[in-house]
Amino acid sequence: MSSIMTNSAAMTALKTLQATNAALETTQARISTGLKVGEAADNAAYWSIATTMRSDNKALGTVQDALGLGAAKADVAYTGMNSAIDVVDEIKAKLVAAREPGVDKSKIQSEIGELQNQLTSIATSASFSGENWLSVDSSVAGYSATKEIVGSFNRAADGTVSVGTVDVDTSSTKLFDASGTASGILDTNFTTTGGGAVTVSVSDLDITAANIDETDLDEMISAVDGAIASMTTAAADLGSTKGRIDMQNDFVSNLMDSIERGIGTLVDADMTKESTRLSALQTQQQLGTQALSIANGSAQSILSLFR
């Protein structure tokens, strides 16, 4: 039935054109933003997941920064420990030289004193970002021998989050402890059993003290050698810690990349697909416009029947 009141063909063509225009707007938005899910209205579930994972990735970026800071602290401590080992080696050599009968022990002690000052300087200088793992004061309020380095950010299946740490025990790496307990590797006291019977540490031993004999010197050499062994173990531990931090840093970096790829799978637009769809929709839009024009013109042809 032909009617001038209701143009069914025009209404159908208009609906089709409106649907095409809406799809075209969606496709153009995806192409301009690069996202198929740009807001919650596009896909609430995917948008929620992507937003949460982006937030977690930002937290992992901070973890990477913390790991870098921790690696620097371990590296500084290792460098200081390695330098201190070289100095203690020199002290050991001087003590062995002092065992030679007839040597001037006062001159050797002068050299040992300078080496001891160097040890103090090394331990004090081995500080990074306000933390020193070689020279500590365990009497300070809140002191803890265990240093924590933020190493991970975890989200459980139920949505709860937690922060993991890499723990470093500095009780085995400290060279000096200013608390007065003398518990560092170099300031721990020992007592010789020779004629001198002195109570000293590696950092303040004195071979010119009264009645020092070969037994005292041998025990000093043995104590210094033991300190070198402890420092070597501490240096190895610091190296292992640095290696673990580096491995964790690499893991966090790879994890961030994986999360980013996962987010992209959920919300990124397939630009090849959207480009093809854009061309098709533009063609449909042109055809829809022509169809609507034809449908609107059909009512005019009815007038010819009344001429």
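For the chain, take the longest principal axis of its alpha carbons; what is the angle in degrees between that and the long axis of helix 105-125, to the nearest 10 within 0 to 90?
The answer is roughly 20 degrees.
May I have the count of lysine pairs in the chain with C-alpha atoms under 25 Å apart, counting pairs 8 or more residues apart or located on different chains?
Count of close lysine pairs: 19.
Can you pull the one-decimal nm distance between simple spin-label points at Thr181 and Ile85, each 7 Å off the Cα toward Cβ?
Here the answer is 2.6 nm between the modelled labels.
Report the FRET efficiency, 1/(1 + (r/R0)^6), for Ser127 and Val163, where r is their Cβ-Cβ distance and R0 is 25 Å, rounded to 0.05.
So, using R0 = 25 Å, E works out to roughly 0.50.
Against the longest principal axis of the chain, how steep is helix 271-303, in degrees 0 to 90 to the nearest 10, with axes from Cα atoms?
Value to nearest ten degrees: 20.
On a C-alpha basis, how far is the centre of segment 199-215 from the centre of segment 225-294 in Å? Whole number, if you could?
Taking the Cα centre of each part, segment 199-215 and segment 225-294 sit 62 Å apart.
Quick check: Cα centre of segment 137-162 to Cα centre of segment 35-89, how many Å?
Using only Cα atoms to place each centre, the spacing works out to 14 Å.
Which cross-chain or sequence-distant (5 or more) residues have an amide H under 5 Å from the amide H of Arg99, H modelled 1.01 Å from N in plane?
HN-HN under 5 Å from Arg99: empty list.
Specify which residue in the list Ser253, Val150, Ile228 is farthest towards the positive end of the charge dipole of segment 43-268, using unit charges on the beta carbon of Lys, Arg (+1) and Asp, Glu (-1), about the Cα centre.
Ser253
Residue-wise, which Karplus ³J(HN,Hα) couplings in Hz belong to segment 28-34, taking 6.51 cos²θ - 1.76 cosθ + 1.60, θ = phi - 60°, and x for glycine or proline?
Residue by residue, segment 28-34 yields 5, 5, 5, 5, 6, 9, x Hz.
Residues with amide H under 5 Å of Asp137's amide H, sequence separation 5 or more or different chain, H placed in the peptide plane at 1.01 Å from N; which?
The list, which skips near neighbours in sequence, is Ala178.
When the Karplus curve 6.51 cos²θ - 1.76 cosθ + 1.60 is applied with θ = phi - 60°, which whole-Hz ³J(HN,Hα) does each residue of segment 170-180 get, with x for Gly and Pro?
Rounded to whole hertz, the list is 7, 5, 9, 10, 5, 8, 9, 10, 7, 6, x.
Report the label-to-label distance for Ala29 and Lys107 in nanometres (one decimal), using points 7 Å from each Cα along the Cα→Cβ vector.
Once both label points are built, they end up 9.0 nm from each other.
Given just the C-alpha atoms of segment 73-112, how large is their convex hull per residue in cubic angstrom?
Convex hull volume per residue, Cα atoms: 42 Å³.
Pull up all non-local amide H partners of Asp268: gap of 5 or more, or a different chain, and H-to-H distance under 5 Å with H placed in the peptide plane.
Lys36
Return a whole-number percent for the relative contact order of segment 43-268, with Cα pairs under 8 Å and 6 or more residues apart as the contact set.
27 percent
How large is ³J(HN,Hα) for each residue in segment 190-202, as worked out from phi by the Karplus curve 6.51 cos²θ - 1.76 cosθ + 1.60 (θ = phi - 60°), to whole Hz, x for Gly and Pro?
Residue by residue, segment 190-202 yields 9, 10, 7, 10, x, x, x, 6, 9, 9, 9, 10, 4 Hz.
Once you have the alpha carbon radius of gyration of segment 160-307, what is it after dividing by 2.2 N^0.38 Å, with N set to its residue count?
After normalising by residue count via 2.2 N^0.38 Å, the value is 2.83.
Read the figures in this text as sums done on the coordinates, not as results from a lab. For clarity, every value in this text was computed on a predicted model and none was experimentally measured. When we count neighbours, we look across all protein chains shown, and the Cβ atoms used for this are built from the backbone with ideal geometry, even at glycine.
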